[in-house]
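S.K.: Quick one: structure below, then a few questions.
The values are calculated or read from the model by the stated rules, or taken from the named source; none is laboratory data. In this text the structure is predicted, and so the values were computed from the model without any measurement. FYI the Cβ positions are ideal-geometry reconstructions off the backbone, even for glycines, and counts take in every protein chain you see.
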Amino acid sequence: MLIPVPHPATPLVGRSEEVARVVGLVREGARLVSIIGIGGLGKTRVAIAASHRAAEEGLDVAYCDVVAVHSAAEVALAVANALDVELPDSLSRRDPVDLVAAAIARRDWGRGTLLVVDNFEHLARTRAGEALPRLVSGAPRIQLLVTSRVALERPEELRVPLAPLACAGDDSPAVELLLARTRHAALAEAWRADWGRSRASPRASMASRSRSSSRRRARTSSRRSACSRSSTSA
């Protein structure tokens with residue numbers, strides 16, 4: 001089973017043109033589309049929105065986050081996992097990139113697959129990053145959609161740059177995004193508070209019962225002591 005693309009909790013704001021451009025490039029058969037921009041501009045959100053649109057148009061979609069990947073072998077394993085590619089037993093004794101690429105090439109990708117590779121900037125211009133296009137070179141039905149802070153500098157790369165959202169006026173996309181995130185944060189905080197109260201209530205009830213029980217035991221012990229002293233005096 002392919003690793004599915006996430007479903008964000010908040011709506012995408014102010015990026016309809018960029019999403020449409022990515023979808024158009026994928027529809028035209030681009031092998032490598034990169035969404036480029038500095039951190040925090042919404043590269044992942046644009047890629048997710050575009051991939052959902054591509055899925056609606058008939059493509060299979062898989063998601064691969066490489067933020068914690070640092071070597072060519074790890075790139076190969078991450079891609080194999082995202083695409084649900086069965087790996088051979090001889091993987092540890094041979095170059096994993098070549099083995100995974102061969103396994104991907106042997107598989108029938110049917111109507112086509114869009115692989116979203118997220119957070120690629122630290123690999124973009126390294127030998128480890130060069131493994132990515134190698135992995136799918138033998139599978140023309142697989143297209144790559146990569147998010148990165150820097151361009152991959154590949155001849156087949158088609159770039160979709162992201163600029164900061166416009167912030168002029170109260171109804172600007174930047175303000176709308178801020179309000180959406182604020183509402184989401186407020187709802188999340190309210191949910192955490194309700195959850196905390198629901199967990200605290202049983203504990204409070206148990207603590208109250210425990211205190212009541214302790215008080216009863218203390219009263220019983222006090223009465224017994226009083227009775228014992230009275231008996232001794234007699």
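S.K.: Quick test of your reading of the structure: GLY40 fulfils all but one of (1) in contact (Cβ under 8 Å) with a residue 12 or more places away in the chain; (2) at positive phi. Name the failing condition by number.
M.R.: For GLY40, the exception is condition (1).
S.K.: Here is a list: VAL100, VAL146. Which entry is among the aliphatic types (A, V, I, L, M), within 15 Å of VAL33 (Cα to Cα) and in contact (Cβ under 8 Å) with a residue 12 or more places away in the chain?
M.R.: VAL146
S.K.: In addition: So in segment 2-43, with the set limited to residues that are under 20 Å from the mean Cα position of the chain (by Cα) and in a strand (DSSP E or B), which one is surrounded by the fewest Cβ atoms within 10 Å (Cβ to Cβ)?
M.R.: Checked segment 2-43; the qualifying residue surrounded by the fewest Cβ atoms within 10 Å (Cβ to Cβ) is ILE36.
S.K.: So which of ALA82, ALA139 is modelled with pLDDT of 95 or more, surrounded by 19 or more Cβ atoms within 10 Å (Cβ to Cβ), aliphatic (A, V, I, L, M) and over 25 Å from the mean Cα position of the chain (by Cα)? Step through it out loud before you land on a result.
M.R.: Working: ALA82 fails: over 25 Å from the mean Cα position of the chain (by Cα).
After applying the criteria, what remains is ALA139.
S.K.: What do you reckon, is GLU57 touching a residue at least 24 places away in the same chain (Cβ under 8 Å) and acidic (Asp, Glu)?
M.R.: Against the criterion (touching a residue at least 24 places away in the same chain (Cβ under 8 Å) and acidic (Asp, Glu)), GLU57 qualifies.
S.K.: If you don't mind, another one. From the residues in segment 51-78 that are hydrophobic (A, V, I, L, M, F, W, C) and in a strand (DSSP E or B), which one is nearest to ILE3 (Cα to Cα)?
M.R.: Filtering segment 51-78 down to residues hydrophobic (A, V, I, L, M, F, W, C) leaves 54-55, 59, 61-62, 64, 66-69, 72-73, 75-78.
Remaining after also requiring in a strand (DSSP E or B): 61-62, 64.
Values: VAL61: 8, ALA62: 5, CYS64: 7 Å.
Selected residue: ALA62.
S.K.: When residues of segment 56-77 are filtered for being under 14 Å from VAL146 (Cα atoms) and buried (at least 18 other Cβ atoms within 10 Å of the Cβ), how many remain?
M.R.: We begin by selecting, within segment 56-77, every residue under 14 Å from VAL146 (Cα atoms); these are 61-67, 75.
Applying the additional criterion that residues be buried (at least 18 other Cβ atoms within 10 Å of the Cβ) yields 61-64, 66, 75.
Selection size over segment 56-77: 6.
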